[in-house]
Structures are given as C-alpha cells and as structure tokens.
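J.: Sharing a structure below in structure tokens format, with a few things to ask.
The values are calculated or read from the model by the stated rules, or taken from the named source; none is laboratory data. Here the structure is a predicted model, which means the values were calculated and not measured. No Cβ is skipped: glycine too gets one built from the backbone with ideal geometry, and neighbour counts run over all protein chains shown. Side chains are part of the model used for accessible areas, which takes the heavy atoms of the whole protein and leaves out ligands, DNA and RNA. Shrake-Rupley method; radii C 1.70, N 1.55, O 1.52, S 1.80 Å.
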Amino acid sequence: MLSITTPGYLDDQNRGCIDWSEGLLAYGAQHMVCIVQPSTPPQLLQCLAGHMHNVAHVAFAPRETGAPSLGGEGQGPLLLASADVTGSVHLWDVLRGALLAQLTAPAGGGSGSDSGSGGILCLHWLLSRPNHLLVASRAGTLVLWQVSAAGRAATALWQSSLTESPTLLAIDRHVADGGRIAVHTARGALYQLSVLPSEPPSAVGASCSLTRHVSASGAAYSPAAALQLLYSPHHQAQVYVLLPREVVLADLEAGLPLTSVSLDRTDHPFWQLLLPACLPGMLLGLHTDGCLSAWLRRSDGASAGGRGRRVHFSYRSMAPLLKGRGSALRAVAAAPPAHEAFAGISADGRCWVWSLACAGGAAAILPAALPAVAAGAGHGGDGEERGEGALASSAEDPWTMALVGIVPSISSPIRCLAVQPAALGSEQEEPQPAPAPAPASAEPATAGWTPPPPLLEPSSEAPLPSPPPSTTPIFSLLESSPPPPP
C-alpha cells in the first residue's frame, strides 16, 4: 500500500472516530478515513477518500485468518465500515484502498440520506457471525446487514425500531452469542437488548433508571450531559456512564447505580473513558486539559455471586499526555488484548502511539488468590470479579507509559501551493557562441523583391532647438499659474 494523501487537521465532528483492530488503526480526518500501521514507529498506509461529509464512525470487520497481510495475497479483503455525519455508510477494501459499496437503508431505516435523524450512532461487526454489520441510527433504528465475502454487496436481514430514540449506545464485545446492546435514553433510562443474527433484538428485562442518582457534589443526574456508555469487562450486566465530572457504574440486573467516580472541583472534566485490555483492573479517564488519570477498581464483601459486593475506585495517578489547543486529543483507542498500547489523534491531525504496560504483568493487578485470566476471555463469575483486587506491594505506579511514535499531518488549512522547478543537472553542455550575422548583400536574396519605403522621409531642415532649462522651481510655477476656469 502507498499513501498519496497527507491527512489534515481534525474537525470537531471527527471526535471519537477511531478503531484499532486487525493489526491496523483507522480514524476519521474530516471527510477521509486514514489507515495507520501502529508499528514502531507508526506509518501512514492509506487515506480513503469517498465521503462527502465528515466521517464520524469507523469499524474493522473481524477476520478468521488473524493479522492482515499488507499485500493482501492469499486472504480475503480486509473490510472496513465507515459512516459520516449524514448517515452514509461505506464499505472499503483497506488493503487495496478501494470503495466497495455504499449501504442504503430500507425505507424508514434512518440512515443513508436521512440526515434529519442525526446520522449513525454505532457501527458493530458481530463476532459470532462473520460479515454481519449492525448499524444503529440516532432515530432509534437498528439494521443488520449481511455483507458478501468480497464486500461488494450487502443484504438487510432485519430492521427494528426502538421505543425511544437513544442518546448513547454500547455493545458488549466480551460475549460470543452476537453481543448485547445497552441503550441510554434522553430521560435517563438504561435498558439492555440481545442481538441475534436471525431476528431483531429482544428485551432481556435488565433495566435501570439514573434519574434519582445524585453525585458526590450534590448535583442531580442530567441525561443530556452523558458523554459515553461502555460495558464493564468484569460483569455482563454492568455499564459505565461517563459524565463531564463523574463516572457512574450501573448494574442493569440490580436496577440501580453501584458507585461513581467524582472529580475534584480543581480537576478538568472528562471527555472519554478507556478500559484497556492489558490493564483489566484499571479505568483510564482522559481530561479536556490533555491529562490521563488512572483509577483502580476494587470490591469488598463476600456475598454469594458477587451481588452484595461493594465496588469502589481508588485514584492512582495522573499523567499529562498533550497540552495546548492544537494538540488536544480528539480520538483515543486502546490496542487489542495482544498489544499493550493505546493511540490518540490530536486536533492538528497527528497520530500518537503510547506503550502502556503493567510494571509486574497482568498478575500485578489481579488478586493473589486468582490466576491471571487472559484479556477478553469472558466475564467474571462467582466470587472475585476478574481484574479486581489489590495492587502488588510496591510504592511505584502499577503501569508505565511511553511515547513510541508520531505520524505527522498538515495542521492548518492550505492557502496556496507552489511547485519547485526541476533543478539543472550537474552535467550540462557548454553554451555555444551565437553565430555571427551574415554580411549585407548588395542585391536582395530573392529575385523581384524591392525594399519597403521608410516610415518617415528624412527631412533636410535643421532640427528645432530645445528650450532652455527652467530655473524656476516647480512649486513656484504651480503657484504662479492661473487657476483653472470654473
């Protein structure tokens, strides 16, 4: 692959548009989709141009063959779905940089050219069924597409409409039955749906209301202020709701919020939450001032099934990532479980990759009574939940972070362009002298040719004498000259 386009600065509508899977990193930069190989150092591979509006969502399709081959030989196409702010969904062959298809939702589907619905809320490829793409619109419409192996055709299997228009939506990626969907509505209600490939999702009876939740500062819960909804990797019925100054952990089966993380009034607000697979017990929060805070999840109590446990978070540390208006992060994604890293895209279009590793491995943040469980292996069952427990007895931070590479970009709008001319070679011929003019011939070179008459006949009279120079200054002449007639 060869990149022939340099990405530019990010628009505010590109916020959160990033996906790191299948060995590659994809993010939206204005109306383009940029593909980065997050190696050391990271390299820009492709810039996919085909959208007419700013890109808001990207999602790689999972492949059974493992990591992709950059040449694409012997494997099927690496598919990528992207959606812009108007709801237009495109399917790409990433390795070839080709646009394969554009999805048009069925009548009333709420996507495609339906820009009044606010565009797409979520793109999700089902892990249990290859080439099945779930598209959720802000109007509350869910459409499941079956994409062909080549990616050039797609069929809508079913379409369903939610009873309320969702404001946030999360999909549980830790289960193998197609996934579960958690929905956050404008009135502060949370409920859960199951996703089945053969039929529309059905309610599973798990719900929760946050309208009565009061933060530690005494502020009432505001559904319109919710920024992000994430499933907890520790329990299948628990979700995180991110607010500007608080993170609420809610249990859908219990029907109530369990605990919350509140910021001090001197801290800058949250804008995104990260649950890295390499640190299963850590909660990373990104702040508007460019800092990254780390929180450790713990639970106490000993009731059966973990239902009576009290979950709480302890603050660990805060590290500055990027400072400055142009360097503020707009999108951040954690690496797949096999990699200990995360990436961020700053407002000026640069791609940053940090290594993120636990000082003592995964066992350093797991309880001593439980073996280390591979990230993504499933939810915790009875007893201590996976990834929780006390830190290793060390005064140092349990995790380390280091910048490993940057992908540059054009950080401001282009006003003009100039092309430098090709430089002359060092080996150039010596300049030859101009040929001498031929002597005038007495006779014309062409027979029958007569010279034209001169334009002015020479005069025999003497030339007129030039006037004597004036010694009067020009300012005196102007003052003595009579005024012009009216």
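J.: At 0.36 nm per residue, minus the direct Cα-Cα distance, what do SER148 and SER198 gain on full extension? Give it in nm, one decimal, please.
T.: Length gained, SER148 through SER198: 16.4 nm.
J.: Can you figure out the FRET efficiency of LEU256 with SER222, using R₀ = 25 Å and their beta-carbon distance, to the nearest 0.05?
T.: 0.85
J.: So what is the relative contact order of the range 150-272, in percent, for Cα pairs below 8 Å that sit 6 or more residues apart?
T.: Relative contact order of the range 150-272: 18 percent.
J.: Non-local amide H neighbours of ALA226 (under 5 Å, H modeled in plane, Pro and chain starts lacking H): which ones?
T.: none
J.: Given the whole protein assembly as supplied and a 1.4 Å probe, what does the accessible area of THR155 come to in Å², nearest 10?
T.: Ignoring ligands and nucleic acids, THR155 comes out at about 80 Å².
J.: Find how much the distance from HIS268 to ILE410 grows on full extension, using 0.36 nm per residue of separation minus their present alpha carbon separation; answer in nm with one decimal.
T.: 48.3 nm
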